[in-house]
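The values are calculated or read from the model by the stated rules, or taken from the named source; none is laboratory data. Here the structure is a predicted model, which is why all the values come from computation and not from measurement. Please note: Cβ atoms are built from the backbone with ideal geometry, for glycine as well, and neighbour counts cover all protein chains shown.
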Amino acid sequence: MTERGQMANLRALIQGAQDAYTLPGELLDAWAVSERVRALSVTVPARLSDDDAAAGLVAAVAAGEQPDLVKLGEELSRGETKTEAYRHAQRVLTAAVGEADRRAVSIASDVVETVIRDHLRPALMDVHDKAREAAAALDGYGDLDPVRLVNAPAKARAAFAELPVLVARRRLIFAARRSANRIGNRQPEHDATELFVEFAAPFALAADFNRNGLKSVAPQDPVAYLLWVSSDAAAAGRPWMPTIKEMDEAWWDQFGEGVEMRRRAASDARAIAAMFPDC
């Protein structure tokens, strides 16, 4: 990924932390430094142009004055010096912005697993806990019809209002996981299709999960899906927030034996072919 792409993902990661999750202090500090450097500016110096100097000289002579040409030349030279200093400062500032950005990206890349394990994972658990609390408060309002909830107790109405907020927060948490992995160039070795991105044991929920996902067991509506994924109905699938390494390990636990069998079969076939090259 390009540096610009990494910075875009880092910006998205930082912005999401305002509402949905926490981030390591060292990363937030590095980002704050980057932002402060980016906010710096160089003031354009005022300078006398050659044209203005020439016009002033003509006006002075027309007024009967005797202009000091050496003094005028010194003023023009000082203006040129200030302009060159301004350009130099701009170049230094541009380099400093790049250096601060690279430093922030480097720190973000180093703490990817910490972000997922110690920040996004607890945030996701908190969302699911709050969703279960909301479900309990809404018990008896099965289809969550807003009309039926108009006269419901305040606790039930508050729980209903919180559900879309929790859905949005959960979406931000998973988006943050993607951003963090992109910044650090973390890519799965085995689970390229991310079968295990939301569940450690998705096949416990649907035997054909690798072909059809959760279409047969999970609701499609975002609020209904949140209530389902945080309920006992989805517990067998073990909802989680995995690092890339953990996702790959789950994939290998599910498919590794078959992979090894195919590798052995291929190796045996090559060995037999080598023994009988003319066959």
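The table below lists the values:
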quantity	calculated
Checking Phe174 against (1) of a type outside the set (Val, Ile, Thr); (2) within 30 Å of Met7 (Cα to Cα); (3) at pLDDT below 85, the condition it does not meet	(3)
Every residue from region 235-253 that is hydrophobic (A, V, I, L, M, F, W, C), assigned to a helix (DSSP H, G or I) and within 27 Å of the chain's Cα centre (by Cα)	Ile244, Met247, Ala250, Trp251, Trp252
Some residue of region 148-167 being part of a helix (DSSP H, G or I) and in contact (Cβ under 8 Å) with a residue 60 or more places away in the chain	yes
Positions within region 118-130 being closer than 24 Å to Met1 by Cβ and exposed (fewer than 15 other Cβ atoms within 10 Å of the Cβ), in sequence order	Asp118
Cβ-Cβ under 9 Å pairs, at least 6 apart or on other chains, region 42-68 side free of Cβ contacts under 8 Å to residues at least 40 places away in the same chain, far side of a type in the set (Ser, Thr, Tyr) and surrounded by fewer than 14 Cβ atoms within 10 Å (Cβ to Cβ)	Arg47/Thr83
Residue that is nearest to Val97 (Cα to Cα) [pool: residues in region 38-74 that are among the small types (Gly, Ala, Ser) and not in a helix (DSSP H, G or I)]	Ser41
Leading residue by the ranking (nearest to Ser109 (Cα to Cα)) among those in region 34-44 that are among the β-branched types (Val, Ile, Thr) and either surrounded by fewer than 13 Cβ atoms within 10 Å (Cβ to Cβ) or in the same structural domain as Ile183 (by TED's automatic domain parsing) (or both)	Thr43
Only one of Asp143, Asp191 that is in a loop (DSSP other than H, G, I, E, B) and free of Cβ contacts under 8 Å to residues at least 12 places away in the same chain	Asp143
Flag if Ala63 is in contact with a helix residue (DSSP H, G or I) (Cβ under 8 Å, 6 or more places away or on another chain) and not polar (S, T, N, Q)	no
Test: residue in region 46-66 that is of a type outside the set (Ser, Thr, Tyr), modelled with pLDDT of 95 or more and loosely packed, with under 11 Cβ neighbours inside 10 Å	no
Contacts under 6 angstrom Cβ, first residue in region 121-138 being part of a helix (DSSP H, G or I), partner charged (D, E, K, R), 6 or more apart	Val127/Arg169; Val127/Arg170; Ala134/Glu162; Ala137/Lys155
Residue check for Gln90: outside the structural domain of Leu120 (by TED's automatic domain parsing) and not in a helix (DSSP H, G or I)	no
Condition check for Ser179: at pLDDT 95 or above and among the hydroxyl-bearing types (Ser, Thr, Tyr)	yes
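Residue by residue, here is whether (1) more than 30 Å from Asp110 (Cα to Cα); (2) of a type in the set (S, T, N, Q) holds:
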residue: Asp126; (1), (2): no, no
residue: Val150; (1), (2): yes, no
residue: Pro164; (1), (2): yes, no
residue: Pro188; (1), (2): no, no
residue: Leu195; (1), (2): no, no
residue: Asn210; (1), (2): yes, yes
residue: Lys215; (1), (2): yes, no
